[in-house]
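Since the structure comes first, as structure tokens, the remarks are kept for the end.
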Amino acid sequence: MANDSQADRSIADQSMAHEKSTTPSLAGCPVTRIGITGLSGAGKSTLITAIINHLENARRGALSEQSGLARIRHGRWHREIERAFDYDHALTALTGQPPSWPESTRDWSIARLTLDYDRRWYSLRPRRRCLELFDYPGEWLLDLSLLDWSFAEYSAHWRDWLARSPRREIAPRLLEDLKAIDPAEPVDPERLAALANRWSMMLADSRLPPHRLSRNLPGRWLMPGEGFDPDAMPFLPLPGVMAESPDDYPEGSWGEVCQRHFTYYRDRIARPFFESHFGRLDAQVILVDLLGALRSGRAALADMRAALESILEPFRYRDGHWLGNLFARRIRRVAIVATQIDHLLPADQARLTRLLDSYLFELTQQLAGKDIELRLFAVSAVTAAQPREDARGRPMLVGTEKSSRQKIAFTPPTIPEQMPHDLDLAIDDLPTLAPPAGLDRARAFPGRRVDALLDFVIGES
Ligand SMILES: Nc1nc2c(ncn2[C@@H]2O[C@H](COP(=O)(O)OP(=O)(O)OP(=O)(O)O)[C@@H](O)[C@H]2O)c(=O)[nH]1
Ligand SMILES: [Mg+2]
């Protein structure tokens with residue numbers, strides 16, 4: 001396993017609030033928890049489905065190429081826990097006729113498996129291990145960056161982001177309208193609601209093509225999850241706010257109300273999520289839609305990299321900082337994973353891994369020598385396109401287009417090996433594919449590097 005201490009932690013001694021009384025007893029089964037996150041549509045549900053499918057097919061050799069996983073004899077998924085990842089639904093979709101992708105998910109869930117291992121030569125007992133894959137929206141992970149900010153800092157960051165392209169064009173006049181607010185004036189609830197509405201639209205537009213930006217804070221404005229209503233306590237960044245304390249603004253003023261709502265969001269909504277879930281993870285997998293960002297170009301690439309840097313910043317904190325303490329205690333391995341690479345020819349899939357390396361070079365440098373291991377992967381959870389040659393012998397891909405369900409052949413863009421230092425790189429658009437026909441739960445789904453990723457997060461040395 002990833003480290004010895006993981007083996008000592010058992011479900012029995014970590015009471016899980018989300019467990020039902022019907023949960024089969026897993027007492028004594030050491031548990032490893034892996035967080036799997038990524039912005040909406042990054043491919044979390046499909047990857048988790050593929051991981052479970054690979055583990056279920058371990059005895060048929062699905063993991064045999066990875067030496068760290070070779071002793072896994074059998075993996076069994078548990079449906080009978082509360083908030084269980086809906087593997088049944090994902091299988092129904094992927095193996096249906098015609099096949100479809102799993103539906104979009106809006107909240108967190110847990111896929112729990114028990115893994116049976118071959119005995120070691122010196123032991124009489126077979127070994128059993130429990131694996132939990134914690135699927136949660138990447139939008140929430142982005143809130144990590146604001147946990148450490150005051151309202152004034154939050155406002156200052158947004159003032160800078162809104163002043164620059166492409167956000168300046170996505171939300172024309174929004175910055176000017178926010179600047180025009182005097183934080184000491186009494187708040188006008190109708191104007192606050194109208195601006196909050198424009199704020200939500202700006203975030204939603206920023207996330208979508210053609211922009212595909214990543215830093216769309218606060219994360220729960222886009223992905224509220226259960227029990228959170230962004231309209232109940234709206235707040236906006238106020239470029240005019242400089243003071244650190246809400247006491248500096250009269251009660252009921254713009255400054256006091258927005259600051260109070262921001263503080264509530266930060267301390268009562270965002271922070272408890274990290275304290276109750278994130279602090280229990282042994283490894284974290286962050287999925288990124290690198291191909292999507294490449295299609296949008298420089299601004300999307302820059303924003304995605306800045307988002308990853310701020311997410312991983314706590315790992316660079318020294319002891320003593322509360323965020324540093326929270327993470328340093330457990331998470332030892334972090335994988336940043338470019339997904340859906342089956343949209344590329346095999347040679348370009350390999351180049352994409354090197355491109356990712358070049359793109360995130362500074363980040364990996366910053367974390368080198370720290371107490372975590374960061375590794376980069378490019379995977380396809382379920383390969384939906386097959387390489388072929390056209391009549392003139394040129395390589396191309398064939399697959400089924402998602403909405404029309406027509407067979408298509410396409411020549412994917414060529415991927416360079418290096419990321420230009422100024423991130424000035426863009427590739428042509430790619431088709432959206434349907435899953436391949438003929439997927440069967442009893443065989444490992446076709447994919448690329450799913451087993452290598454799993455080996456990194458749970459493999460034995
Ligand atoms: N070709 C291909 N497409 C994929 C793959 N994985 C995901 N996709 C595409 O990406 C879409 C989103 O995948 P999901 O697995 O639902 O992504 P998610 O991160 O769980 O998305 P949310 O639940 O909306 O947050 C799918 O509907 C597919 O169109 C893959 O391995 N290959
Ligand atoms: Mg999902």
What strands (runs of 3 or more DSSP E) lie completely within the range 68-186 and have 3 or more residues being in contact with a Cys (Cβ under 6 Å, 6 or more places away or on another chain)?
none
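Answer yes or no as to whether Ala196 is under 28 Å from Ala302 (Cβ atoms) and either free of Cβ contacts under 8 Å to residues at least 40 places away in the same chain or surrounded by 21 or more Cβ atoms within 10 Å (Cβ to Cβ) (or both).
No.
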Quick one: how many residues across the range 250-295 are at pLDDT 90 or above and outside any helix (DSSP H, G or I)?
13
For the range 161-173, check the following and say yes or no: at least one residue is among the β-branched types (Val, Ile, Thr) and closer than 28 Å to Arg271 by Cβ.
no
Within the range 256-275, the count of residues that are touching a residue at least 40 places away in the same chain (Cβ under 8 Å), of a type in the set (Ser, Thr, Tyr) and surrounded by fewer than 18 Cβ atoms within 10 Å (Cβ to Cβ) comes to 1
Among the listed residues Thr339, Thr414, Thr400, Thr353, identify the single one that is β-branched (Val, Ile, Thr) and in contact with a Lys or Arg (Cβ under 7 Å, 6 or more places away or on another chain).
Thr400
Condition first: among the charged types (D, E, K, R) and under 33 Å from the mean Cα position of the chain (by Cα). Now tell me which residues in the range 180-220 satisfy that.
Arg198, Asp205, Arg207, Arg212, Arg215, Arg220
Say whether the condition of being touching a strand residue (DSSP E or B) at 6+ places or on another chain (Cβ under 8 Å) and within 16 Å of ligand 1 (Cβ to nearest atom) is met by at least one residue in the range 370-378.
yes
Test Leu94 against the stated conditions and say whether it is among the aliphatic types (A, V, I, L, M), within 16 Å of ligand 2 (Cβ to nearest atom) and at pLDDT below 95.
no
Of the residues Pro420, Pro413, Pro446, which is within 10 Å of ligand 1 (Cβ to nearest atom) and in the same structural domain as Arg295 (by TED's automatic domain parsing)?
Pro446
With respect to Ala391, determine if the residue is of a type in the set (Gly, Ala, Ser) and more than 16 Å from ligand 1 (Cβ to nearest atom).
yes
Filtered residues of the range 107-138 (kept if buried (at least 16 other Cβ atoms within 10 Å of the Cβ) and within 16 Å of ligand 2 (Cβ to nearest atom))
Trp108, Ser109, Ile110, Ala111, Leu133, Phe134, Asp135, Tyr136, Pro137, Gly138
Does the range 370-392 include one or more residues that are away from ligand 2 (no atom under 16 Å from the Cβ), free of Cβ contacts under 8 Å to residues at least 24 places away in the same chain, among the β-branched types (Val, Ile, Thr) and assigned to a loop (DSSP other than H, G, I, E, B)?
no
Within the range 379-389, track down each residue that is closer than 14 Å to Pro412 by Cβ and among the aliphatic types (A, V, I, L, M).
Ala384, Ala385
Of the residues Val382, Val398, which single one is under 27 Å from Pro210 (Cβ atoms), of a type in the set (A, V, I, L, M, F, W, C), crowded, with 20+ Cβ neighbours inside 10 Å and assigned by TED's automatic domain parsing to the domain that holds Asp118?
Val382
Would you confirm whether any residue within the range 166-176 is in the same structural domain as Pro30 (by TED's automatic domain parsing), surrounded by fewer than 21 Cβ atoms within 10 Å (Cβ to Cβ) and under 30 Å from Glu401 (Cβ atoms)?
no
With Pro224, Pro237, Pro250 as the choices, which residue is touching a helix residue (DSSP H, G or I) at 6+ places or on another chain (Cβ under 7 Å), closer than 28 Å to Gly38 by Cα and outside the structural domain of Asp107 (by TED's automatic domain parsing)?
Pro237
Given the structure, is Ala232 exposed (fewer than 13 other Cβ atoms within 10 Å of the Cβ) and either among the β-branched types (Val, Ile, Thr) or assigned to a loop (DSSP other than H, G, I, E, B) (or both)?
yes
Could you please find all residues in the range 103-125 being away from ligand 1 (no atom under 11 Å from the Cβ) and either closer than 22 Å to Gly41 by Cα or touching a strand residue (DSSP E or B) at 6+ places or on another chain (Cβ under 6 Å) (or both)?
Ile110, Ala111, Arg112, Leu113, Thr114, Leu115, Asp116, Tyr117, Asp118
Of the residues in the range 74-91, how many are under 21 Å from Gly28 (Cβ atoms) and either within 16 Å of ligand 2 (Cβ to nearest atom) or of a type in the set (Val, Ile, Thr) (or both)?
1
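The values are calculated or read from the model by the stated rules, or taken from the named source; none is laboratory data. In this text the structure is predicted, and so the values were computed from the model without any measurement. Backbone-built Cβ (ideal geometry, glycine too); neighbour counts: all protein chains shown.
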